1. Tell me, which residue of segment 104-133 that is over 20 Å from the mean Cα position of the chain (by Cα) and surrounded by 14 or more Cβ atoms within 10 Å (Cβ to Cβ) is farthest from LEU175 (Cα to Cα)?
2. Could you please tell me which pairs satisfy a Cβ distance under 9 Å, a separation of 6+ or placement on different chains, a first residue in segment 1-20 that is under 24 Å from ASP38 (Cα atoms), and a second residue that is aromatic (Phe, Trp, Tyr) and in a helix (DSSP H, G or I)?
3. Scanning segment 134-163 for residues that are polar (S, T, N, Q) and exposed (fewer than 14 other Cβ atoms within 10 Å of the Cβ), which turns out farthest from ILE2 (Cα to Cα)?
4. Within segment 123-141, does at least one residue satisfy the condition of being in contact with a strand residue (DSSP E or B) (Cβ under 8 Å, 6 or more places away or on another chain) and either of a type outside the set (Ser, Thr, Tyr) or under 30 Å from GLY58 (Cβ atoms) (or both)?
5. May I ask you to list the residues in segment 80-96 that are farther than 19 Å from LYS26 by Cα and either basic (Lys, Arg) or in contact with a Ser or Thr (Cβ under 6 Å, 6 or more places away or on another chain) (or both)?
6. Scanning segment 142-177 for residues that are under 22 Å from VAL131 (Cβ atoms) and among the basic types (Lys, Arg), which turns out modelled with the lowest pLDDT?
Amino acid sequence: MIEELKKDAEERMKKSVESLGHNFNKIRTGRAHPSILDTIRVSYYGSDVPLSQVANVGVEDARTLTVSPWERNMVPDVERAIMKSDLGLNPSTAGTVIRIPMPQLTEETRKGFIKQARHEAENARVAIRNVRRDVLADIKELQKDKEISEDQERKAQEDVQKLTDRFISEADKALTAKEADLMVV
């Protein structure tokens, strides 16, 4: 019973760290990376779909992304969706290929992105702590129902705390790496 709770806690904490990684990918550095456009949704025959479902996104060079819609009539819709996004990108169209130059990051925007990265990391740490709280409540419930002894409860709490510390340190390492990446000019 306790092992199942610990395994569940580990999986949920791992998902929090993975989610942090996905959120960090959305924060752009100076380099072009297709994941920057993951949040963009395009109107496709009346429904909003992710950009990746209507176009091929590629990297032309270190500072330019290319978007090639699969249907020629989708080019204006894709371009409009990119401009409307809160990413601050200005696409230029050449036939059926949309080129998106990545603007140079100023020190002010870098600091803003670092602030955003710290916020994302804090959200991940909070999620990890919430998992710990839930599992500890379940363990206390088991002890209250006399399914486990006090010693087993104490040992399980220590194990869950070690798990929490490990995943919080992983989130902190990811934040440190992202901050270093953002500050590279």
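1. Residues of segment 104-133 over 20 Å from the mean Cα position of the chain (by Cα): 104-108, 132-133.
This time we only want the ones that are surrounded by 14 or more Cβ atoms within 10 Å (Cβ to Cβ), so: 105, 132.
Details: LEU105: 19, ARG132: 21 Å.
Filtering first and then ranking leaves ARG132.
2. Between residues of segment 1-20 that are under 24 Å from ASP38 (Cα atoms) and residues that are aromatic (Phe, Trp, Tyr) and in a helix (DSSP H, G or I), the close pairs are MET13/PHE167; LYS14/PHE167; SER16/PHE167; VAL17/PHE167.
3. Result: GLN161.
4. Keep residues of segment 123-141 that are in contact with a strand residue (DSSP E or B) (Cβ under 8 Å, 6 or more places away or on another chain), which gives none.
The answer is no, given that none of the residues of segment 123-141 is in contact with a strand residue (DSSP E or B) (Cβ under 8 Å, 6 or more places away or on another chain) and either of a type outside the set (Ser, Thr, Tyr) or under 30 Å from GLY58 (Cβ atoms) (or both).
5. Of everything in segment 80-96, just one residue is farther than 19 Å from LYS26 by Cα and either basic (Lys, Arg) or in contact with a Ser or Thr (Cβ under 6 Å, 6 or more places away or on another chain) (or both), namely ARG80.
6. Ranking the qualifying residues of segment 142-177, first place goes to LYS144.
The values are calculated or read from the model by the stated rules, or taken from the named source; none is laboratory data. The model shown is predicted, which means the values in this text are computed figures rather than measured ones. Here the Cβ is made from the backbone with ideal geometry for all residues, glycine too, and neighbour counts use every protein chain on show.
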